[in-house]
2 protein chains.
Amino acid sequence: MSGKRGFVLRDALENDIAMGLLKAGERLDEATLAQRFGVSRTPIREALLQLATTGLVEIRPHRGAVVAQVGPSRLMEMFEVMAELEGMCGRLAARRADGSDITALVAAQRDCRAAAEADDADGYYYANERFHHAIYQASRNGFLAEQATLMHRRLKPYRRLQLRVRGRIRTSLAEHDGILAAIEQGDAEVASTLLKAHIIIQGERFGDLVANLAEHTA
Amino acid sequence: MSGKRGFVLRDALENDIAMGLLKAGERLDEATLAQRFGVSRTPIREALLQLATTGLVEIRPHRGAVVAQVGPSRLMEMFEVMAELEGMCGRLAARRADGSDITALVAAQRDCRAAAEADDADGYYYANERFHHAIYQASRNGFLAEQATLMHRRLKPYRRLQLRVRGRIRTSLAEHDGILAAIEQGDAEVASTLLKAHIIIQGERFGDLVANLAEHTA
DNA sequence: ACGATCTATATTGTATACAAAATCGTTGAC
DNA sequence: GTCAACGATTTTGTATACAATATAGATCGT
């Protein structure tokens with residue numbers, strides 16, 4: 001009863017968390033999940049274990065798994081680290097990017113602009129993802145690219161929310177222009193600084209969002 | 001037949017890899033490991049999965065797990081990232097460290113000096129570990145501290161080897177002095193720069209070691 | 001009536017049984 | 001004699017069965 005082998009389950013759960021289908025703090029019952037995906041508990045447990053290792057869920061011994069609670073302060077910490085990693089990618093990219101890297105970056109930024117002008121939030125989301133991934137690649141440090149991609153995935157759920165913030169897309173696009181220019185010109189420190197700011201701003205914006213939300217629900 | 005629950009197995013395997021008991025590229029047979037630890041395959045599989053997620057072993061579908069092959073170039077990439085993370089820890093520590101953080105740092109450095117003067121390589125290894133961990137803590141970014149600790153663990157096997165290099169301990173100790181001073185004085189950029197260099201040098205030294213080894217075996 | 005302890009239930013953790021896939025050895029053809 | 005294809009064996013992947021622990025409910029005592 002399954003072609004659902006390996007990484008598929010993990011991705012599915014990851015996506016459900018990213019999409020908000022599984023809310024933070026929610027219990028992840030193995031039997032229920034097993035039934036829902038039509039597999040036994042074993043592969044479910046393996047998927048949960050992987051998600052726990054990457055920090056998306058928390059497993060307490062004999063007490064089951066829950067979607068990881070990431071409070072605002074923890075989230076800020078994560079964005080702080082992400083900013084540093086992206087800054088590093090940018091710095092290395094400025095030094096090491098070759099023709100094909102630049103081509104990919106320019107193409108991604110073109111898509112970003114198109115989506116922005118069409119007011120297509122989802123489209124911008126994906127184009128933005130490609131843009132950043134292109135920077136990771138351009139760093140010419142495969143390990144760094146992997147780490148950055150992992151972090152990116154972990155922050156996905158929170159990033160997604162705050163793209164809806166009014167005017168954010170336009171600002172983001174402008175920031176991309178600056179970053180792209182710095183990388184093209186090989187200006188490592190500027191590229192790093194701009195990228196760091198680009199990410200940190202997202203964290204701060206998210207902080208505002210959370211504060212707002214807390215106010216409304218309180 | 002077991003109080004070996006949870007993280008114990010993972011730690012044991014991790015340690016075996018770090019100690020070189022399990023060589024890079026070596027196959028990790030589930031049945032054999034199960035017998036060796038006196039447990040069934042299930043917890044072994046869980047441990048391997050976790051190690052795979054952190055990158056210490058590689059699992060190829062239906063083809064079993066092997067200790068991850070880290071070539072010299074890959075290793076350099078990892079040290080490059082580690083250097084950036086440590087640099088970040090240092091920068092934040094210089095800004096945010098409080099009295100207890102400084103106390104821990106000074107104590108760790110005292111132990112380092114004692115071990116160095118006694119020519120105790122193992123002792124220095126552990127004191128050095130405490131010193132760096134103290135910096136992670138002092139960054140006052142819990143997430144960053146976790147990430148840095150994880151990276152540290154991943155590089156453990158390689159770090160250990162190159163501490164034997166002649167004169168490295170003395171140099172390392174001197175570098176610690178500079179780093180400690182910068183953090184105490186709150187000089188964020190100096191702390192960051194010194195720490196980055198401190199780590200990168202290790203990567204380069206290891207590069208020399210590998211080159212030397214390759215020469216001898218070729 | 002409130003609280004604590006003991007028991008029943010449910011859920012996680014581990015072991016075993018079974019299925020699917022890959023490896024290795026053998027056999028057969030050219 | 002070499003290479004390829006087939007089959008036997010080994011090993012991974014999944015399901016189920018069993019054991020251990022935590023949770024919740026009920027009973028008893030104060």
All positions within region B:48-80 that are within 11 Å of DNA strand D (Cβ to nearest atom) and either surrounded by fewer than 16 Cβ atoms within 10 Å (Cβ to Cβ) or in contact (Cβ under 8 Å) with a residue 24 or more places away in the chain (or both): B:Leu48, B:Arg60, B:Pro61, B:His62, B:Arg63, B:Gly64, B:Ala65, B:Val66
All positions within region A:10-24 that are open to solvent by 30 Å² or more (accessible area, probe 1.4 Å) and over 22 Å from B:Ala52 (Cα atoms): A:Met19, A:Gly20, A:Leu21, A:Lys23, A:Ala24
Residues of region A:143-168 classified as open to solvent by 30 Å² or more (accessible area, probe 1.4 Å), part of a helix (DSSP H, G or I) and either within 14 Å of chain B (Cβ to nearest Cβ) or β-branched (Val, Ile, Thr) (or both), total: 7
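Conditions tested, residue by residue: (1) charged (D, E, K, R); (2) away from DNA strand C (no atom under 14 Å from the Cβ).
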site	(1), (2)
B:Ala24	no, yes
B:Leu28	no, yes
B:Arg36	yes, no
B:Val39	no, no
B:Pro43	no, no
B:Gln50	no, no
B:Thr53	no, yes
B:Ile59	no, no
B:Val66	no, no
Hits in region B:164-186 (condition: among the hydrophobic types (A, V, I, L, M, F, W, C) and more than 21 Å from B:Thr103 (Cβ to Cβ)): B:Val165, B:Ile169, B:Ala174
Any hit, region A:113-130, residues being in a helix (DSSP H, G or I) and within 14 Å of chain B (Cβ to nearest Cβ): no
Selection from region A:169-202 of residues that are surrounded by fewer than 18 Cβ atoms within 10 Å (Cβ to Cβ) and farther than 29 Å from B:Glu189 by Cβ: A:Arg170
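State the number of residues belonging to region B:2-52 that are in a loop (DSSP other than H, G, I, E, B), hydrophobic (A, V, I, L, M, F, W, C) and more than 24 Å from the chain's Cα centre (by Cα).
Adding up the residues that qualify gives 1.
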Any chance B:Thr32 is open to solvent by 10 Å² or more (accessible area, probe 1.4 Å), within 16 Å of DNA strand D (Cβ to nearest atom), within 13 Å of another protein chain (Cβ to nearest Cβ) and β-branched (Val, Ile, Thr): no
Single residue of region A:53-65 satisfying the filter (β-branched (Val, Ile, Thr) and under 20 Å from the mean Cα position of the chain (by Cα)) that is nearest to the other protein chains (Cβ to nearest Cβ): A:Thr53
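The values are calculated or read from the model by the stated rules, or taken from the named source; none is laboratory data. If you're wondering where the values come from, they're calculated on a predicted model, not measured in any experiment. No Cβ is skipped: glycine too gets one built from the backbone with ideal geometry, and neighbour counts run over all protein chains shown. The area values use the complete protein model at the heavy-atom level, side chains included, leaving out ligands, DNA and RNA. Shrake-Rupley method; radii C 1.70, N 1.55, O 1.52, S 1.80 Å.
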